[in-house]
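The values are calculated or read from the model by the stated rules, or taken from the named source; none is laboratory data. The structure presented is a predicted model; accordingly, all values stated were derived computationally and were not measured. Please note: Cβ atoms are built from the backbone with ideal geometry, for glycine as well, and neighbour counts cover all protein chains shown.
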Amino acid sequence: MKKLKHIYILLCLQILLCICGFDSMINLAEGARPELAIDTTEPRIYKMIKKTKEYIINQQNEDGGWSLLPGGESDVEITALAIWALIEADWGTGSRIIRRGVRYLRNSQREDGSWNDNTAHTIFALIALTKANTDPEARFDGLSWIKKAQNRSGSWGRKGNSTGQVLYTSATLVGLKYLGFNHRSFDSLLPGMEWLENFEQRNREGYWNLPGGTQSDIYITAWALQGLLPVYDVDTQIAWLKQFQKTDGGFPRFPGKESDPEVTATVIMALAANQDPLNTRRVAINYLTKVQAADGSFISKIPIEINSPQANLQTTCMVLIAVHSKTDGKP
């Protein structure tokens with residue numbers, strides 16, 4: 001009987017230890033949950049990227065192009081941005097979606113090599129075709145036009161050889177870098193950078209704005225800084241940009257204003273190009289995941305064609321491009 005009693009006691013102890021061990025495992029797992037919560041933005045980011053791609057794809061017109069606003073006529077610039085954004089997000093270059101978009105761009109190129117005699121349209125179209133790895137002759141003609149369109153001052157305007165503007169010069173410089181050129185391999189780059197860096201193109205604070213403006217423009221400055229890298233040291237200007245990140249994680253166009261998705265996307269691109277640490281960009285991207293519309297679009301009033309904040313393809317594409325910005329020195 002004593003032996004049975006001892007066996008009974010041992011069994012009870014073993015059961016008790018098992019129960020305690022099970023409780024400990026539960027407590028350990030529960031204790032691990034907060035650590036896992038640190039990464040809760042990751043699934044949101046992936047969900048945001050998926051919804052953004054779906055929105056862009058669903059807005060493609062029958063002619064293969066995309067319009068600024070849903071249901072509108074196809075536009076070269078928006079089509080180029082859509083192709084660029086989808087390929088950055090790993091959409092296959094041989095897919096029907098991309099092929100149709102490329103065909104639209106190919107059919108829209110003018111005999112002089114430009115798209116609409118517009119530097120932004122032309123440089124973005126060149127990026128799209130390069131990303132799609134297609135139409136080398138069209139790309140050569142477009143690049144030749146970009147060189148001819150540059151002013152003697154080094155700047156670019158909206159049209160070929162028109163008055164130089166900060167935004168068009170910046171976009172062209174950024175585009176040339178996305179095409180794989182640097183100031184040593186493409187002789188148009190350095191004069192453009194020198195013009196952009198000159199204090200004559202800046203306001204009294206030392207930052208950039210649209211023609212006729214005086215207030216420092218965070219959006220325009222973010223584009224300009226991308227154009228100046230990596231030749232010029234812009235750490236001071238990058239620090240200036242970062243101070244305007246709002247509590248929601250986004251960036252406004254002007255100090256004291258509300259955050260805007262397209263401004264935020266452009267700042268993310270500038271920070272990535274400057275190899276800035278990831279934290280600021282991660283918070284900014286988290287903001288983008290929160291302000292995305294249910295249909296996958298993003299709302300902004302940055303496009304010059306609209307007067308009030310609206311869901312539009314330009315902003316939506318720029319967000320997708322920004323999220324995939326690289327910091328390895330290669331756009």
Selection within the stretch 61-98 - buried (at least 22 other Cβ atoms within 10 Å of the Cβ) and polar (S, T, N, Q): Thr79
Please verify whether the stretch 202-209 includes one or more residues that are over 18 Å from Val102 (Cα atoms), in a helix (DSSP H, G or I), among the charged types (D, E, K, R) and out of contact with any strand residue (DSSP E or B) (no Cβ under 6 Å at 6 or more places or on another chain). no
For Thr214, work out the one condition from (1) in contact with a Leu (Cβ under 9 Å, 6 or more places away or on another chain); (2) assigned to a loop (DSSP other than H, G, I, E, B) it doesn't fulfil. (1)
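Looking at the structure I just gave you, is Gly175 within 26 Å of Ile146 (Cα to Cα), of a type outside the set (Phe, Trp, Tyr), surrounded by 22 or more Cβ atoms within 10 Å (Cβ to Cβ) and touching a helix residue (DSSP H, G or I) at 6+ places or on another chain (Cβ under 9 Å)?
Values: within 26 Å of Ile146 (Cα to Cα): yes; of a type outside the set (Phe, Trp, Tyr): yes; surrounded by 22 or more Cβ atoms within 10 Å (Cβ to Cβ): yes; touching a helix residue (DSSP H, G or I) at 6+ places or on another chain (Cβ under 9 Å): yes.
Yes.
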Cβ-Cβ under 9 Å pairs, at least 6 apart or on other chains, the stretch 259-282 side on the phi > 0 side of the Ramachandran plot, far side of a type in the set (Val, Ile, Thr): Gln275/Thr327
Is at least one residue of the stretch 61-83 more than 19 Å from the chain's Cα centre (by Cα), modelled with pLDDT under 95 and not polar (S, T, N, Q)? yes
Name the residues in the stretch 304-323 that are buried (at least 17 other Cβ atoms within 10 Å of the Cβ) and either β-branched (Val, Ile, Thr) or in a loop (DSSP other than H, G, I, E, B) (or both), would you? Thr315, Thr316, Val319, Ile321, Val323
Failed criterion for Thr119 (all others in (1) crowded, with 24+ Cβ neighbours inside 10 Å; (2) in contact with a Ser or Thr (Cβ under 7 Å, 6 or more places away or on another chain); (3) more than 17 Å from Pro303 (Cα to Cα) hold): (3)
Please verify whether the stretch 278-292 includes one or more residues that are at pLDDT 95 or above, in a loop (DSSP other than H, G, I, E, B) and either touching a Pro at 6+ places or on another chain (Cβ under 9 Å) or more than 30 Å from Val231 (Cβ to Cβ) (or both). yes
Scan the stretch 289-326 for residues that are in contact with a strand residue (DSSP E or B) (Cβ under 7 Å, 6 or more places away or on another chain) and small (Gly, Ala, Ser) and jot them down. Ala293, Ser297, Ser300, Ala311
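If a residue must be touching a helix residue (DSSP H, G or I) at 6+ places or on another chain (Cβ under 6 Å) and either modelled with pLDDT of 95 or more or of a type in the set (Lys, Arg) (or both), how many such residues does the stretch 27-44 contain?
Of the stretch 27-44, the ones touching a helix residue (DSSP H, G or I) at 6+ places or on another chain (Cβ under 6 Å) are 41, 44.
Then drop every residue that is not either modelled with pLDDT of 95 or more or of a type in the set (Lys, Arg) (or both), which leaves 44.
So the answer is 1.
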Is it true that Gln237 is of a type in the set (S, T, N, Q), buried (at least 16 other Cβ atoms within 10 Å of the Cβ) and touching a residue at least 12 places away in the same chain (Cβ under 8 Å)? yes
Among the residues in the stretch 148-157, are any without any contact (Cβ under 8 Å) to a residue 40 or more places away in the chain, part of a helix (DSSP H, G or I) and surrounded by fewer than 21 Cβ atoms within 10 Å (Cβ to Cβ)? yes
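If I filter the stretch 90-98 for residues that are more than 16 Å from Asn312 (Cβ to Cβ) and among the acidic types (Asp, Glu), do I get at least one hit? Walk me through it before giving the result.
Our first condition is that a residue be more than 16 Å from Asn312 (Cβ to Cβ); within the stretch 90-98, this holds for 90-98.
Okay, now just the ones that are also among the acidic types (Asp, Glu), so 90.
Yes, the stretch 90-98 has at least one match.
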